Amino acid sequence: MALMKILTYPDAFLKKTAKPVTVFDDALKTLVQDMAETMYEEPGIGLAATQVGEDKRLFVMDVFYNNEDPESKKTPVAVINPEIIETSGESSIEEGCLSVPEFRAEVKRSAELVLRFQDMEQEIHELRAEGLMAICIQHENDHLNGKLFIDHLPPLKRRMVQNKLKKQATK
Ligand SMILES: [Zn+2]
């Protein structure tokens, strides 16, 4: 296993719409393992393939693991070719992103959703999610469509944040 480099804003790759996964081989398994390891190391609760420069509709998540609790168990989920097929309600929490370091903002999202996705064995699952998991799924799914959480901010605030991040990036 290996840690991967996470792309940060304004890297153009983060704007890419990722391609569906069609080959479920050992290389994909390794990629999923490396992404999970990288996610725990950072730490984050989700990591999309786009963020590590892989053009694939795939993300890993674990909203339950607490790295400050030695009893906490890692239960990474690999979500391949995700599709949000139902949403309801409204919710917002302060979000952050490994690709947008040192910035957090509240983002309006759906409170509940149904996610259809494939696992490593190509089996199709439907998962009903709410709370933090629903937020995480929407955030990671956005990455696969070339969208960052700051893209949800009102235009003026978004521009301010983008300028600040661009300045940081050139330092
Ligand atoms: Zn993110």
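The values are calculated or read from the model by the stated rules, or taken from the named source; none is laboratory data. This is a predicted model, so every value here is computed, not measured. Methodologically, a virtual Cβ is constructed for each residue, glycine included, from the backbone with ideal geometry; neighbour enumeration extends over all protein chains shown.
Note on segment 65-91: among residues that are farther than 18 Å from M39 by Cα and in contact with a helix residue (DSSP H, G or I) (Cβ under 8 Å, 6 or more places away or on another chain), the one that is nearest to the ligand (Cβ to nearest atom) is P82. The conditions are (1) within 16 Å of the ligand (Cβ to nearest atom); (2) surrounded by 11 or more Cβ atoms within 10 Å (Cβ to Cβ); (3) under 18 Å from H139 (Cβ atoms), and E94 fails exactly one of them. Which is it? Only one criterion is unmet by E94, namely (2). Of the residues making up segment 143-166, at least one is closer than 19 Å to V63 by Cα, of a type outside the set (A, V, I, L, M), within 13 Å of the ligand (Cβ to nearest atom) and at pLDDT 95 or above. Taking the criterion of being within 15 Å of the ligand (Cβ to nearest atom) and in contact (Cβ under 8 Å) with a residue 60 or more places away in the chain, the residues of segment 26-47 that qualify are I45, G46, L47.
Of all residues in segment 134-171, those that are free of Cβ contacts under 8 Å to residues at least 40 places away in the same chain and within 18 Å of L113 (Cα to Cα) total 1. Scanning segment 119-146 for residues that are touching a Leu at 6+ places or on another chain (Cβ under 9 Å), outside any helix (DSSP H, G or I) and under 26 Å from A27 (Cα atoms) returns M120, H125, E126, L127, G146.
Taken over segment 52-75, residues that are at pLDDT 95 or above and more than 24 Å from E121 (Cβ to Cβ) amount to 1.
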